[in-house]
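The values are calculated or read from the model by the stated rules, or taken from the named source; none is laboratory data. Not measured: the values here are computed from a predicted model. In this analysis, Cβ positions are derived from the backbone assuming ideal geometry, glycine residues included, and neighbour counts consider all displayed protein chains. Accessible surface areas use protein heavy atoms only, side chains included; no ligands, DNA or RNA. Shrake-Rupley method; radii C 1.70, N 1.55, O 1.52, S 1.80 Å.
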Amino acid sequence: MSVSTIKKTLLVSMIATGLFTAASSQAATQPSVINAFTAEVTEAVLSVKSKGWHDAAFGDMGWTHSSGWGSFSAYKGDTVRIKATSTQAGLHPGITVWYRGIDDTAPDSYVVDHFYPQNANFVKIGVTDETSGEKLGNIVMRHIIHAYDGDNTVKVGRMKPIKDGVAGEVEVSFKAPKNRLGQYMFVVGGINPDESVDTSLKYDMNVSVTVTKP
């Protein structure tokens, strides 16, 4: 089977399973920083904008370069907890987690585009570096979980608001579903900021990631 035939077969398979959410351009982008979380490094400060995770003026999408990014690994059955706490009053965080498996052949330093869907797969086939044009492979980021701080004044139901009585923080947790050691990527940004927040600035977000064995 030729390489072109394999690519076509993979593309048809992704369309059939609802994975294909690519934009028209094949150029991929790199977040400036992707914080690697491990058993030894469980906390970091990420820099985000108050509408980085969800901007109604941009089709309710998230902004890649206005959000903070992290990565971690986990085995099937591990419990993963990710918590984001804003240092800026009135900034409400959102979190999305994706899985990058064997069909994700591009370097994990790249993501599909300058915007992202918070509640869906993030996929593009045959991507190139947006600056150099270098061929990178396929980006296949499978959606795992998403949620946002629901302790504010505006509700976006499909984005899974979580109310815990503490404005400015949100936590998601899940059991890793893959059979072997899996690589995961997540994004953190703001949604529905209070009027007092300057939407043009970036603010610190304290983020923790813990992976616990069964």
Would you mind telling me which numbered condition in (1) buried (at least 17 other Cβ atoms within 10 Å of the Cβ); (2) free of Cβ contacts under 8 Å to residues at least 60 places away in the same chain residue 96 fails? (2)
Yes or no: the stretch 53-62 includes at least one residue that is part of a strand (DSSP E or B) and open to solvent by 70 Å² or more (accessible area, probe 1.4 Å). no
Out of 191, 162, sole residue that is closer than 29 Å to residue 73 by Cα, out of contact with any helix residue (DSSP H, G or I) (no Cβ under 8 Å at 6 or more places or on another chain) and of a type in the set (Val, Ile, Thr): 162
Residue set 76, 178; condition of a type in the set (D, E, K, R), touching a Lys or Arg at 6+ places or on another chain (Cβ under 6 Å) and under 23 Å from residue 35 (Cβ atoms); output residue 178
So residue 154 clears everything in (1) in contact with a His (Cβ under 8 Å, 6 or more places away or on another chain); (2) more than 24 Å from residue 208 (Cα to Cα) except one condition, right? Which one? (1)
Inside the stretch 116-138, the number of residues satisfying the requirement of being in a loop (DSSP other than H, G, I, E, B), out of contact with any Ser or Thr (no Cβ under 8 Å at 6 or more places or on another chain) and farther than 30 Å from residue 191 by Cβ is 2
Quick one: which of 140, 123, 154 is open to solvent by 30 Å² or more (accessible area, probe 1.4 Å) and among the aliphatic types (A, V, I, L, M)? 154
Does residue 142 satisfy the condition of being more than 18 Å from residue 73 (Cβ to Cβ) and under 18 Å from the mean Cα position of the chain (by Cα)? no
All but one of (1) within 19 Å of residue 64 (Cα to Cα); (2) out of contact with any strand residue (DSSP E or B) (no Cβ under 7 Å at 6 or more places or on another chain) hold for residue 136; which doesn't? (2)
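Table: residues versus (1) within 15 Å of residue 202 (Cα to Cα); (2) part of a strand (DSSP E or B); (3) open to solvent by 30 Å² or more (accessible area, probe 1.4 Å); (4) at pLDDT 90 or above.
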site	(1), (2), (3), (4)
7	no, no, yes, no
14	no, no, no, no
25	no, no, yes, no
39	no, no, yes, yes
51	yes, no, yes, yes
Report the residue count in the stretch 64-87 for those that are within 16 Å of residue 146 (Cβ to Cβ) and open to solvent by 20 Å² or more (accessible area, probe 1.4 Å). 2
Give all pairs with beta carbons closer than 8 Å in which a residue from the stretch 167-192 that is on the phi < 0 side of the Ramachandran plot and part of a strand (DSSP E or B) meets a residue that is open to solvent by 30 Å² or more (accessible area, probe 1.4 Å) and acidic (Asp, Glu); count only pairs at least 6 apart in sequence or on separate chains. 170/164; 171/164; 183/108; 185/108
Inside the stretch 174-193, can you point out the residues that are open to solvent by 10 Å² or more (accessible area, probe 1.4 Å), in contact with a Ser or Thr (Cβ under 8 Å, 6 or more places away or on another chain) and either of a type in the set (Lys, Arg) or under 15 Å from residue 149 (Cβ atoms) (or both)? 175, 192, 193
Which pairs turn up if I take residues in the stretch 53-77 that are closer than 13 Å to residue 118 by Cα and look for partners that are at pLDDT below 95 and assigned to a helix (DSSP H, G or I) with beta carbon separation below 7 Å, at least 6 apart in sequence or on another chain? 54/159
